[in-house]
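A short write-up of the structure that comes next.
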Amino acid sequence: MKKITLLIITICLSSLLFSQTVKIGYINSLELVSLMPETKAADDQLMVLAQQLDAQYKEYIIEYQKQATILQNDTTLSQIAYEAKVQDLQSLEKRIQDYEKSSQDKVNQKKTELYQPVLDKATQAVKDVAKENGYTHVLDSSTGAIVYAPDGDNILELVKKKLNIQ
């Protein structure tokens with residue numbers, strides 16, 4: 001009797017679990033973000049910053065090459081003066097390396113600053129569309145985590161509409 005009751009309870013619980021509707025959609029978030037106008041604006045701002053930093057870097061390189069050429073061609077320098085010029089050149093080389101690292105850090109920081117609001121907006125739009133259209137799960141096909149999945153609904157068009165993207 002206990003086994004039959006337990007079997008009936010198990011069947012009832014299983015039916016309840018499987019009776020809930022699961023609606024799965026997928027989206028390529030990289031494609032979505034690339035279509036957002038905010039991404040283009042962020043790209044443009046990053047390009048301007050990178051160009052400014054690169055221009056200064058090129059000036060440092062030209063100065064370094066100029067000083068190196070002067071050092072190679074100046075045969076009138078005493079040993080002490082020559083060693084001092086070599087130290088100056090090494091110091092300039094170190095500053096160039098520091099500038100290069102600092103520039104990369106600035107670009108990365110600016111990239112995070114510019115793209116985070118875009119990513120947040122895209123994430124919120126996906127959540128809103130999922131709720132509005134009864135999706136219980138939305139998978140991101142751009143992460144490569146999906147090896148196989150049954151046909152679901154690609155909600156990219158719905159999210160683009162939500163964000164007024166053509």
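The numbers here are math on the coordinates, done by the rules we state, and not lab data. Everything numeric in this text was worked out from a predicted model, so none of it was measured. Methodologically, a virtual Cβ is constructed for each residue, glycine included, from the backbone with ideal geometry; neighbour enumeration extends over all protein chains shown.
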For the stretch 23-162, the charge dipole (Cβ of Lys, Arg +1; Cβ of Asp, Glu -1; about the Cα centre) points to a positive end, and the Cα of Y64, V159, L89 closest to that extreme belongs to V159
Compactness check, the stretch 23-162: C-alpha Rg relative to the 2.2 N^0.38 Å globular estimate gives 1.79
The stretch 23-162 - charge dipole about Cα centre, Lys and Arg +1 at Cβ, Asp and Glu -1, debye rounded to 20 = 300 debye
What does a probe at K106 reach in the stretch 47-85, counting residues whose amide N is under 12 Å from the point 7 Å along Cα→Cβ?
-> 48-58
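What's the ranking of 35-41, 100-106, 155-161 by average number of surrounding C-beta atoms within 10 Å, highest first?
Per-residue Cβ counts within 10 Å, averaged per peptide and sorted highest first, yield 155-161, 35-41, 100-106.
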Taking K131 as the anchor, which lysines have their alpha carbon closer than 23 Å to its alpha carbon, excluding any fewer than eight residues away along the same chain?
-> K23, K121, K160, K161, K162
